[in-house]
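Just below is one structure, and these are the notes that go with it.
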Amino acid sequence: MSDVFDLERLRADTPGCAAGMHFNHSGASLPSQSTLTAMWDYLRKEANDGPMEAANSATSLLEDVRADTAALIGAKPSEIAFLGSGSTAWGAAFSALPPLVAGDRILVGRQEWGGNLATMQDAAARAGARIETIPVHEDGSIDAEALASMIDERVRLVSLTWLPANGGLINDAAAVGRVIRAAGVPYFIDAGQALGQIPIDVAALGCDVLKAAGRKFLRGPRGTAILYVRQEFLPRLTPRYLDVLSGPMVDGVVKIRNDARRFEAGEISPALIFGLGAAARQARTLGIAAIRDRIKILANGLRDNLRNFPNVTVRDLGIELSGIVSFTVEGIPATQVRAALAERQIAIGANGVPYTPLDMIARGLDQIARASVSYLNTLPEIDRLSEAIADIARRA
Ligand SMILES: Cc1ncc(COP(=O)(O)O)c(C=O)c1O
């Protein structure tokens, strides 16, 4: 495989690569030493100078991170807020939309993340609104043309999980954007599995809101997420709550910020944000297109192997596939497959219905095993993972 980056160095700079084989980058990836150092250096500064005192000199560096993460998705820094998790970011934007009323409609992709769905379902049930699933093509991907025919004046939101949690599908989020932009309906994208894995350009996607956690393919720390809100869309979102950063009182009047930080808490952890910044800079230096190419080769290699094994079924939908390889083993629950691999020092994920309920139910699946591949993985690792799965499946 031709490599544009120095894999040996990148792996040596990742403590987790020495510990075992990590194929759970869609759950949370392995941070690099530079990410750990960025966090640790700042924590030490907080301990020495006092946390509030350290923060005074951190302000402009935090803005550098905002610029670096904005550049990752083609946004302006003022369109980025830092939050603690993907779901918190999504919920902050959703709850800031005008309240739903009876008869309103929300249209969602079939692979919508379960947490987003629960948030929408709860709000819809209280208002007498309804959630409708956008039809899919035969290959399981979203059908943007079918979506066009569903739009009417009662649609309040279209929400799409771009790369689902339960498999390698890459939905055509830009095609959805083209349909929606014409209709002027708010469009939210859950890019949790896309950030750091595939190129993201919010203008090309045509979305109003996009969010992603930092800990997945980007290799940032847990407890970080970015929320993008398109500048022109911002006035349509009123945060459910404010604090002294997002909406300070000036002369008795609340002044809600006019940038995405209207969703950011005044109290965030600079150490985590610096870790996120180090990860974002590393990804940009490597090049997301090169990362995508390498992941594609490795993940498709794994799929090719799995397809040849008796008792193993690859469960990925779609044609152009991501680094998330989903599969089932006849007669062995995914959680057991995960445990059997963990005994061999190989980490993978296992998803049940709650992460992607609409899709799992539509396909009659109750669990899938999920091996997610990073550019950090190697071909020999893919072979060892494949052999281990074949061995587990043989014993089924
Ligand atoms: C597509 C997708 N959306 C949302 C989430 C939830 O993100 P968080 O756990 O940061 O709230 C996940 C987590 O795996 C995910 O895969």
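Can you tell me the alpha carbon radius of gyration of the stretch 188-314 divided by the globular rule-of-thumb value 2.2 N^0.38 Å? Could you put the intermediate results ahead of the total?
Working: Rg = 19.2 Å, N = 127, 2.2 N^0.38 = 13.9 Å.
The stretch 188-314 yields a ratio of 1.38.
Between Ala283, Pro15, Ala67, whose Cα lies farthest towards the positive end of the dipole of the chain when Lys and Arg beta carbons carry +1 and Asp and Glu beta carbons carry -1, centred on the Cα centre?
Pro15
When we measure straight from the Cα of Lys45, which lysines land under 28 angstrom away, once same-chain ones fewer than 8 places off are left out?
Reachable lysines: Lys216.
If you average 1/r across every pair of different Cα atoms in the stretch 155-203 and take the reciprocal, what Kirkwood value do you get, in Å?
Radius from the Kirkwood sum: 11.5 Å.
Between the alpha-carbon centers of the stretch 36-92 and the stretch 269-311, tell me the distance in whole angstrom.
Here the two parts' Cα centres lie 22 Å apart.
Compute the projected area of the convex hull of the Cα atoms of the stretch 35-285, averaged over all viewing directions, and report it in nm² to one decimal place.
14.2 nm²
Roughly what would the spin-label model give for Leu7 and Ala204, points 7 Å off Cα along C-beta, in nm?
So the two model labels end up 2.5 nm from each other.
Please report the spacing between the Cα centers of the stretch 351-396 and the stretch 208-237 in Å, no decimals.
If you average the Cα positions of each part, the centres end up 27 Å apart.
Can you sort Met360, Met52 so the residue with the fewest Cβ neighbours within 10 Å comes first? Write down the numbers at each step before the final one.
Numbers: Met360 22, Met52 8.
Least to most surrounded, the residues fall as Met52, Met360.
Hey, got the Cα dimensions of the stretch 256-305 along the principal axes, in Å, largest first?
52, 20, 17
Hey, what do the phi angles of the stretch 196-201 turn into as Karplus ³J(HN,Hα) couplings, whole Hz, using 6.51/-1.76/1.60 and θ = phi - 60°, x for Gly and Pro?
x, 10, 10, x, 10, 9
What's the magnitude of the charge dipole for the stretch 32-112 around its Cα centre, counting Lys and Arg as +1 and Asp and Glu as -1 at the beta-carbon? Answer in Debye, nearest 20. Please list the in-between numbers first.
Working: 6 positive and 10 negative charges, 66 e Å.
Charge dipole of the stretch 32-112: 320 debye, to the nearest 20.
Pull up the DSSP beta bridges for the chain and report the antiparallel fraction as a percent, rounded to 5.
60 percent
Peptides 212-225, 105-118: what's the order by average Cβ count within 10 Å, highest mean first?
212-225, 105-118
Normalised by the residues of the chain, what does the relative contact order come to in percent, with Cα pairs under 8 Å and at least six apart?
23 percent
Work out the length of the dipole vector of the chain about its Cα centre, built from +1 on the beta-carbon of each Lys and Arg and -1 on the beta-carbon of each Asp and Glu, and round it to the nearest 20 debye.
Dipole about the Cα centre, nearest 20: 280 debye.
Just to confirm a number: summing +1 for Lys and Arg and -1 for Asp and Glu over residues other than Gly192 whose beta-carbon lies under 10 angstrom from that of Gly192, what do you get? Provide the component values of the computation, followed by the final result.
On the way: positive: Lys211, Arg215, Lys216; negative: Asp190.
Taking every other residue near Gly192 into account, the sum is +2.
Read the figures in this text as sums done on the coordinates, not as results from a lab. All values reported here derive from a predicted model rather than from experimental measurement. So basically every Cβ, Gly included, is an ideal-geometry build from the backbone, and we count neighbours across all protein chains shown.
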